1. Only one of the listed values, [x] 27, 25, 18; [y] 34, 22, 18; [z] 32, 24, 19, was derived from the coordinates as semi-axes √(5λ) of the Cα gyration tensor in Å; which label is it?
2. Using the alpha carbon gyration tensor of the range 239-308, what are the three equivalent-ellipsoid semi-axes (square root of 5 times each eigenvalue), largest first, in whole Å?
3. Report, in degrees rounded to the nearest 10, the 0 to 90 angle that the Cα long axis of helix 256-269 makes with the longest principal axis of the chain.
4. Quick check on the range 197-293: take the gyration tensor over C-alpha atoms, sort the square-rooted eigenvalues as a ≥ b ≥ c, and tell me if it's rounded (a/c under 1.5), prolate or oblate.
5. Can you check what the net charge comes to around Gly170, using other residues whose Cβ is under 12 Å from the Cβ of Gly170 (Lys, Arg +1; Asp, Glu -1)?
6. If we sort 226-234, 97-105 on the protection proxy, mean other Cβ atoms within 10 Å, highest first, what's the order?
7. For Gln133, which sequence-distant residues (separation of 5 or more, or a different chain) have an amide H within less than 5 Å of its own amide H, given hydrogens modelled in the peptide plane?
8. Report the trypsin sites (Lys or Arg not before Pro) located in the range 8-88 that are in a DSSP loop and have at most 16 other Cβ atoms inside 10 Å of their Cβ, or state none.
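Only the coordinates and a few stated rules stand behind these numbers; no lab work does. Keep in mind it's a predicted model, so treat the numbers as computed, not measured. Glycine gets a Cβ as well: all are built from the backbone with ideal geometry, and neighbour counts include every protein chain shown.
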Amino acid sequence: MELSIGVDIGGSHITCALINLEKKEIIRETLTEIPVDNQGEAHEIIETWSEAIRRSMRKIDPTQVKGIGFAMPGPFDYVNGICLIKGIPKYEKLYGINVGEEISLSLGLTADQEVRFMNDAFSFAVGESIAGQARGSNKSMAITLGTGFGSAFIENNVPVVTGDSVPRLGYVYHIKYKDGIADDYFSTRWFLRRYKELTGKDADGVKSIASEAVRQENVREIFMEFGTSLGEFLAPVLNRFGATVLVIGGNISRAFDLFGPSLEAALRKNNCSSEAYTSLLKEDAALLGSAFLLETEFWNAVKGSRAT
């Protein structure tokens, strides 16, 4: 049985687990999640991350693990394992530090047990491609809808970040749309702004707006408008890449029942045949995607694609 550790670094927590690479499965009893002080000193952050990984490794001989894969937010030097986060109030104290080396030292890993890194949005998309909604699809696109608008394009399980068929680095959040950029329209703040425009009230978040939409048609129309706009925006992007599947994750995806029908209608209206699904794996996707960095063929393909 080939094992690796998949790690997902969130803004205020770390989640990790042992992954059976052959079966593409998380070993549930090893799943660990603990809070992290993202403004702590570098050694404190490294120790917290290391402790979480130790907990996931407790039930096995550590030498059985091929290595550790991190789903890591950027900016980050993913090939060399060096943190480049600066000017963002999260993990700034890690700036310039070789995180891979520090984790290896903290855990006492052998020379054969490598620590590898990939962008967190890419890790989510790869996980869905390997074992989720995009499994079996040669080309897919994954998006995350939440405080921001994340995206990744996948071909044969590998992120695509260059070439004429995708925007640079696979990012779509900055593309011009209506009176701003895509991120202005496909994120939580759009819902809050639109809700206030229609009702004159402030909302706590998309979840509370969705609850109200079940009872009130005018609020439900906010989600229909969102889906229509998202479909109009994504149709040419999906067609240009040739994606057969669109996977949607993030907190807003939980309201898919409210915006999914108008999204799909807009895709068809704009001559896009891509099938839209909500994430099957959800939080597990990034763990699986990052763990697969320990597969040599996959790692070489990722490096070759410049997705690192």
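1. Entry [y].
2. Value: 29, 17, 8 Å, ordered largest first.
3. 70
4. On the way: a/c = 2.71, a/b = 1.32, b/c = 2.06.
Verdict is oblate for the range 197-293.
5. With Lys, Arg at +1 and Asp, Glu at -1, the neighbours total +1.
6. Working: 226-234: 21.9, 97-105: 18.4.
Highest mean packing first, the order is 226-234, 97-105.
7. Counting only residues 5 or more places away or on other chains, the set is Leu280, Leu281.
8. Lys23, Lys24, Arg58, Lys59, Lys86
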